[in-house]
Protein chains: 2
Amino acid sequence: MGQFGNLPEGSGRKQVAREIYDGLKGQIASGAYGPGALLPSTRALAAELDVSRTTVTAVYEQLLAEGFLETRQGGKTRVSSALARPVSSVTRRTSRSQPARLSGYGRRIADLPAPPSSPAGKLVADFRYGDLTAADFPTLPWKRALNAAMLRRPQRLRYGDPRGAHELRAALQNYLWRARSLRCDAEQIIVVNGSQQGIDLCARLLLDPADRFVIEDPCYAMARQVFISAGGVPVPVEVDQEGMRTDRLAKIDDARLCYVTPSHQFPLGSVMSAARRQELLAWARRTGATIVEDDYDSEYRYDIRPIEPLQTAGGDEHVIYLGTVSKTLSPMLRLGYLVVPDTLRDAFMRAKQLTDRHTPALEQDALADLVASGAYERHVRKARRRNGERRTALLEALAARLGDSVTVVGADAGLHVVVWFNDIPRRREEALIRKGQSSGLGLYPVTPLYGASAVAYRPDRAGLVVGYAGLDAREIRRGVDGLARVLKSLTGKDR
Amino acid sequence: MGQFGNLPEGSGRKQVAREIYDGLKGQIASGAYGPGALLPSTRALAAELDVSRTTVTAVYEQLLAEGFLETRQGGKTRVSSALARPVSSVTRRTSRSQPARLSGYGRRIADLPAPPSSPAGKLVADFRYGDLTAADFPTLPWKRALNAAMLRRPQRLRYGDPRGAHELRAALQNYLWRARSLRCDAEQIIVVNGSQQGIDLCARLLLDPADRFVIEDPCYAMARQVFISAGGVPVPVEVDQEGMRTDRLAKIDDARLCYVTPSHQFPLGSVMSAARRQELLAWARRTGATIVEDDYDSEYRYDIRPIEPLQTAGGDEHVIYLGTVSKTLSPMLRLGYLVVPDTLRDAFMRAKQLTDRHTPALEQDALADLVASGAYERHVRKARRRNGERRTALLEALAARLGDSVTVVGADAGLHVVVWFNDIPRRREEALIRKGQSSGLGLYPVTPLYGASAVAYRPDRAGLVVGYAGLDAREIRRGVDGLARVLKSLTGKDR
C-alpha cells in the first residue's frame, strides 16, 4: 500500500498513522466532522495524541489525496465541503448482550410526559409560559457583576459551600425581608439551580416510594412529576378563587408533603385567603407534613397588595419556602433558593453537596452583587412595569377581540393568565391548539396541568395558559387577532 | 404612645408603621442587619412594601431616636455600629408540633461523613486534593467567551435543551475524539453540573435500594457515598498496580453498576491494564451491569502514553463515560459531561430535566467557544506543563527530605500522589494529620477512601493523599520541609 508513503517502514509509525487515519475517516463518515468543518492544526493534534507531527501530516495528506479533506486560503485544513452530509450520524448496533435495567426512578420518569415544546419555525406569537424577553435582561449590570466577581477570585479555586456563597445568602436574607416580609437566618438558605432543583431536593429528602403528597389541582406539572418520580402518590386537591380547598385536608392524615403556590396559584392565579393559610398551617402542624411553598412569581403583582408568605405566618417549622430568579432575570441562569426549617438545614446541605457539590460560583457572586447593591430590586421594578404593560395589552386585546366568548382568570399577578373558551368544549382543546399552531401561534393547553382528565371541578371548556412575558405589545395584539380568527373558524361565530 | 408621631391617627398608617418597625427591629436584634449595615433608602423600601414614603420615614426616625440606627455623611441610614453583635443570630424555638420525617435517602445521607475540610487560618501549605491555583485559570479567554456568549443571546430567554447546548455537545464530541480517541455521537452527550451530578444521575437511574454495586477500594469517597445514598450496597474490590482486581468479579453476578477510574485510579494512581479492561467489559456484557468510567483527570499524564477509555474499547453499550473541567479549568464552574449508551439517552435526558432543567446556559456557551476554538486544549497543555513542574518539585522534595521513610505511588498522571509512611502505623495516621495541622499543614488521610478500615490489602501504614495543583513550587518545598519535621517528631528518627 502506498499510504503514508513518506513514513519509514517498520517503525510502528505506520500503524499509528493508520489508527489516526481510521479515526478521522470514521468521524467524517459519521458526520461528527461535517462538510467544511475545521480540523485541528497538525501541531495541535500531534501534541494531543502524543505522536510526531510528521505522522499527523502524513495522515492529513492521505485524506487530502482521497478527497475527504481540502485546504483553502490560509492553509487551514477542512473537511471537504463537497461531501454529502451522512443521513444518520450514528450507526446503530443491535445489542446481543444484557441491556442495562433502569431503577424504579428511571422507570417512573420514562412514563411521564415531557413538557410541551414550542412549534418549530418563526411564529406570529408564542404564548409560551416561562419565556422572558431578552431585551428586559439587565445585560450591562450582569456583565459588570460577572466581571467584578472574576476579579475578586480567591488565590485557590476550590469547591464552595454546598449551601451557597455566604455573600449571596446574606443578600437574599435581607432581600426576602424587604421584598417578602420573610424573616429567616442566612443559615436556613440553600442556593439551588432554579426552583426545579429545589423541588427535587424536597422530593428526595421527604418522600419515600408509596408516600402520599398533597398537590393543588391543577398545578405546575413539573413539580407533580418530580414528586411522582420519587415514588410519591399524588392526592390532588381542588383549587378555587381562594386558592387550594384546605377543607379537603381534614381527612388526609398520612401525607408527607404538600406543594402549594399560595401567592399566585399556578396556573389559575388565585391568591390563598388568610383563613385557608391558617387551616393549611394547622393541618401541617397536626400531621407533621411539610409544606413546600413555591413563590415562583411574587415579584409581579399589579392590582393587589403583597401578602406575606406562609413561611412567615408562623409556619416556619413546617414550611420550605422556594424562590427563583427565573422569572425576574432569566430561566437560563438556573438560580433559585430554598429557605428551610432549622431542623432540615443539615439534610438539605448534605443532599445538595452529594447532588452536585454546589451551584456555580461565578453566577452566585454576580447575583449577590446585584441584590446587595439594590440593582436587582431596581431591575425587578422595571421588569414589573414592562410586564404590567404587556399584561394590559393582552387583557385589552382579549376583551376587544374575544369579549364574552372567553373568561380570563389570574390576571392580578404573575406573567400569565388562564383563558377559558366558553363556547369550546374541553374535548376540542387539542383541535384549538393545532389550529392555532398552523396559524403561527404557540398555544399551550391547561389540561396537562390537571392530575386527571375527568374531575368535576375542571370546567368542561377548552383552556389555555397564556404567557406574555416573552412578547412585545404588538406581538401580543397580533397573537390575539390570530386567536380570534382560530376561534371563529372553530365555532363559526363572529364577534 | 408617641411613636410615629407625625403620622395621622386612625388611618391604619400607624398600624403599618408598627409592623415595619417591629420587622426592622427584629432583623437588627437577630443580627440579620448587623452593626454598620446599610439600610435601603426610604424610597426603595416604601416602593417594595407598597406603603407611603412618609410611613417609612417615620419608622426610620423612631429607630434613629431609639439608637438602633444612625445617619452618617451622605445621609445614608445604617444600623448603629455601637450595637453589640447578637450571640446567636437565630432564636431557636422548641417545636411542640410534629417534626418532619426524612425519607430513606435523607436518613442514609445523614449517616455519611462529610468530606474533610481544610484547617482554618493561613497555612504554610494546604495539600488538599481538588484545589487548583487561580493563577492557572484562563481568565481573559474565559471572560471574552462569557461576554461573547452574552452578546449572542437569542431574543427570548427560555429553558434550554436538558442534554446541554448543541454547540457544546458538538465541540465536546470532537474534543473527546482528538484528546481521548473516544468516538460517540453528540446525541449521547449529557452536560451536567460537574462529575458529582453525573455520578448522582447514574445512581438514581441504575440503582434501587438493596442493589449491589462494585466499587474500587480505595476509591473516590463522594462517589461511594452517592451510590450508598441511592440505597446501593457496596461490593468493594481491591486495587493493585494494574488497577481494580477484575478477577474478583467472577463470582459477582448481581451487581447493577461498577464505578471505576481506569485511566488513573483514585487515589492510588494505577492505570488499568489492557487485560483487566477486557475482563471488566466481558463481565459487564455477561451480567448486564453498567460500568461508570470516571475519567476525572486524564488530561494530566506525564511519563505515560494516553490509553483509550473503556468506552471506546468496544464497551460503549455498557459504559457510561464521565468527564469534567473541574481539574482543567475550575471546580467552581460545575461543568462536566456524560457519554451514555444510546439505550440510556432518553432516561438521562429526562432525569436531567426533572432534576434541574439544564446546566446554566452562559457557562455552557463559553465552554463551547473555548473548546471549539482550540483555546481549551492550549490551556490544558499549559496547565499540564505547570502541574508537571509542581509534580517534579513535590517528588524531588519528598525524595530529598523524606527518602526511604516514605513510598510515593501514583505519580505518573493526575494532580496528586499517595504517600505511605513506612515507619508510621495506620493507627497513628490521625496523630500525623493533627500534628501537621498544628504546624500549618493541610494534610488529608487515605483512610476515609477505603470502604472499611480493616482489610488485608490496606497497608498497615499511615497514608496521605497529597494534592499539589493548588500550590506553587516554593509552597510545596516548605510543606514537605514541615512534613519532615512532623515525621521526625513522631518517629524520633532524623534523616
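The values are calculated or read from the model by the stated rules, or taken from the named source; none is laboratory data. Since the model is a prediction, treat every value here as computed from it, not as a measurement. No Cβ is skipped: glycine too gets one built from the backbone with ideal geometry, and neighbour counts run over all protein chains shown. Remember, those area values only see protein heavy atoms, side chains included, never the ligands or the DNA or RNA. Shrake-Rupley method; radii C 1.70, N 1.55, O 1.52, S 1.80 Å.
Remarks
- Any chance B:LEU449 is modelled with pLDDT of 95 or more, more than 30 Å from B:MET150 (Cα to Cα), touching a helix residue (DSSP H, G or I) at 6+ places or on another chain (Cβ under 8 Å) and open to solvent by less than 10 Å² (accessible area, probe 1.4 Å): no
- The residues of the range A:345-360 that are in a helix (DSSP H, G or I) and either open to solvent by 10 Å² or more (accessible area, probe 1.4 Å) or free of Cβ contacts under 8 Å to residues at least 60 places away in the same chain (or both), listed by number, are A:ARG345, A:ASP346, A:ALA347, A:MET349, A:ARG350, A:GLN353, A:LEU354.
- Residue list for the range B:442-464, filter: closer than 16 Å to B:ALA125 by Cα and in contact with a strand residue (DSSP E or B) (Cβ under 6 Å, 6 or more places away or on another chain): B:GLY442, B:LEU443, B:TYR444, B:LEU464
- The residues of the range B:382-408 that are open to solvent by 30 Å² or more (accessible area, probe 1.4 Å) and under 15 Å from B:ASP297 (Cβ atoms), listed by number, are B:ARG384, B:ARG386.
- Selection of first residues in the range B:458-481 that are over 15 Å from B:ASP131 (Cβ atoms) and of second residues that are among the small types (Gly, Ala, Ser), restricted to Cβ pairs under 6 Å at least 6 apart or on distinct chains, gives the following pairs, ordered by first then second residue: B:ALA473/B:ALA393; B:ARG477/B:ALA397; B:ARG478/B:ALA125; B:VAL480/B:ALA397.
- Evaluated against (1) over 22 Å from A:ASP217 (Cα atoms); (2) away from every other protein chain (no Cβ under 14 Å); (3) open to solvent by 70 Å² or more (accessible area, probe 1.4 Å), A:ASP460 falls short on exactly one condition, (1).
- Hits in the range B:361-379 (condition: of a type in the set (A, V, I, L, M, F, W, C), within 15 Å of B:THR328 (Cα to Cα) and crowded, with 22+ Cβ neighbours inside 10 Å): B:ALA366, B:LEU367, B:ALA368, B:LEU370, B:VAL371
- Residue within the range A:414-422 that is open to solvent by less than 10 Å² (accessible area, probe 1.4 Å), modelled with pLDDT under 95 and not hydroxyl-bearing (Ser, Thr, Tyr) present: yes
Here's the yes/no breakdown for (1) touching a Ser or Thr at 6+ places or on another chain (Cβ under 6 Å); (2) at negative phi; (3) in a helix (DSSP H, G or I):
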{"site": "B:PRO113", "(1), (2), (3)": "no, yes, no"}
{"site": "B:PRO116", "(1), (2), (3)": "no, yes, no"}
{"site": "B:ALA120", "(1), (2), (3)": "no, yes, no"}
{"site": "B:LEU123", "(1), (2), (3)": "no, yes, no"}
{"site": "B:ARG128", "(1), (2), (3)": "yes, yes, no"}
{"site": "B:TRP142", "(1), (2), (3)": "no, yes, yes"}
{"site": "B:ALA145", "(1), (2), (3)": "no, yes, yes"}
{"site": "B:ALA149", "(1), (2), (3)": "no, yes, yes"}
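- Every residue from the range A:427-446 that is surrounded by 16 or more Cβ atoms within 10 Å (Cβ to Cβ) and free of Cβ contacts under 8 Å to residues at least 60 places away in the same chain: A:GLU429, A:LEU432, A:ILE433, A:LYS435, A:GLY436
- Any chance A:CYS184 is more than 7 Å from every other protein chain (Cβ to nearest Cβ) and at pLDDT below 95: yes
- In the range B:405-423, the residues that are under 24 Å from B:LYS488 (Cβ atoms) form Cβ pairs under 6 Å with partners that are part of a loop (DSSP other than H, G, I, E, B) and basic (Lys, Arg), at six or more places apart or across chains, as follows: B:TRP420/B:ARG461; B:PHE421/B:ARG461.
- Within the range B:144-160, the residues that satisfy the criterion of being open to solvent by 50 Å² or more (accessible area, probe 1.4 Å), facing chain A (nearest Cβ under 9 Å) and of a type outside the set (Phe, Trp, Tyr) are B:LEU151, B:ARG153, B:PRO154, B:GLN155, B:ARG158.
- Search result, residues across the range A:127-143 that are crowded, with 22+ Cβ neighbours inside 10 Å and more than 18 Å from A:TYR296 (Cα to Cα): A:PHE127, A:TRP142
- Answer residue from the range B:101-122, given it is hydroxyl-bearing (Ser, Thr, Tyr) and surrounded by fewer than 19 Cβ atoms within 10 Å (Cβ to Cβ) and is nearest to the other protein chains (Cβ to nearest Cβ) among those: B:SER118
- First in the range A:254-270 and closer than 18 Å to A:THR290 by Cα and in contact (Cβ under 8 Å) with a residue 60 or more places away in the chain, second anywhere and of a type in the set (Ser, Thr, Tyr) and part of a loop (DSSP other than H, G, I, E, B), Cβ under 7 Å, 6 or more apart: A:SER263/A:SER298
- Among the residues of this structure, B:THR312 counts as one that is open to solvent by 20 Å² or more (accessible area, probe 1.4 Å) and within 11 Å of chain A (Cβ to nearest Cβ).
- Evaluating A:ALA125 against the criteria (1) facing chain B (nearest Cβ under 8 Å); (2) of a type outside the set (D, E, K, R); (3) touching a Lys or Arg at 6+ places or on another chain (Cβ under 9 Å) leaves one unmet condition, (1).
- Within the range A:161-176, the set of residues being out of contact with any helix residue (DSSP H, G or I) (no Cβ under 6 Å at 6 or more places or on another chain) and either within 7 Å of chain B (Cβ to nearest Cβ) or over 24 Å from A:ARG350 (Cα atoms) (or both) comprises A:ASN174 only.
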